[in-house]
Amino acid sequence: MTLAVDRCSKQTLWCLGIGSSLLAFACAPEARTLPSGVRVEVLRRGTGDAASAGRYGVADYRLEVGGKTLDSTEWHGEPWVFCQSDDKLLPGLRAGIEGIRAGETRRIVIPPEQAYGSAGKLPQIPPKSTLIYEFTVLQWFSTSTSGCQYRVLKNSDRSPPEQGDQCVLRYRVFHPATARELDSSNKQGRALEFELGSGTVLEIIEEMVAQIPCGASWQVAVPRDRTDELSRSLDLLPRSSDLLIELELVGVR
């Protein structure tokens, strides 16, 4: 006979006459310490896709140092968009989220050597500080037919435009590491209008707009090997780094 027991079902365990020590063991988070000294505890298992190198994701996090919360996506009012293998991430955080699945929550304890070391990051983070992240991946970006990564911000049941259609597009361009807006249709004072397939806009814009349903909004991660063209066009800095673009296909004529 097979007995299915919920991992953290207190009532079931006590009815079976199992003591509190076993209960504590059953409810304890999965934990492991990496060779670098980073400790990873899985507080909630994910059921979605696992992380892979170069994949963009959306996450909620809370950062604690010395028992005090120093930063949180809740404070910013929106989740954080990040690249799993970005070399700008702290080494300890990059190692701690390796293999994490969508929907998964981890507690990541990062020793100073894998964070800000003996210098710290004053004034918020003192020297030789241990960082504690509670990190939840909400979703990973999908990959478009043209190979760009994207996530849907607003869906639509309408069809994408066809070659020769006149497209009306709202956009925002920003740097993922700083979330600083570099350009937008609001800054320009008007939406971008162009004929799809005419070559009058950047190739990567045409590629993505051809896949977006009319009325929908996508956030697109533009890899650094495609950003120099965009940077030159908009006279943006920094170059040779990933960029994020929000594209909203307002209308098609």
Notebook entry, point to check: Can you list, largest first and rounded to whole Å, the semi-axes you get for segment 143-252 by taking the square root of 5 times each eigenvalue of its Cα gyration tensor?
Noted result: 21, 15, 14
Checklist line | All Cα pairs of segment 31-168, percent lying beyond 19 Å | finding: 57 percent
Item checked: Net charge, S184 excluded, C-beta distance under 9 Å - Lys, Arg +1, Asp, Glu -1 -> 0
Next item on the list: Go through 202-210, 38-46, 68-76 and give me the packing order, highest mean Cβ count within 10 Å leading.
Entry: 202-210, 38-46, 68-76
Margin query: Could you derive backbone 3J(HN,Hα) for segment 40-45 from the dihedral phi with the Karplus parameters 6.51, -1.76 and 1.60 (θ = phi - 60°), listing whole Hz in sequence and x where the residue is Gly or Pro?
Written below: 10, 10, 8, 7, 8, 6
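Can you give the net charge of the other residues whose Cβ lies under 11 Å from the Cβ of T73, counting K and R as +1 and D and E as -1? Present the calculation step by step, with values, prior to reporting the outcome.
On the way: positive: R62; negative: D60, D71, E74, E78, E134.
Spelling it out: positives minus negatives among the neighbours equals -4.
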Next item on the list: Please compute the net charge surrounding P112, taking Lys and Arg as +1 and Asp and Glu as -1 over other residues with Cβ under 12 Å from its Cβ.
Entry: +1
Item checked: Rounded Å value of the spacing that divides the Cα centres of segment 146-217 and segment 80-137 -> 32 Å
Notebook entry, point to check: How about K68: which lysines have a C-alpha closer than 16 Å to its C-alpha, ignoring those fewer than 8 places off in the same chain?
Noted result: K121, K128
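All of the numbers you see were taken from the coordinates with simple rules; none came from a lab. All values derive from a computational prediction rather than experimental measurement. For neighbour counting, all protein chains shown are included, and Cβ atoms are generated from backbone atoms with ideal geometry for every residue, glycine included.
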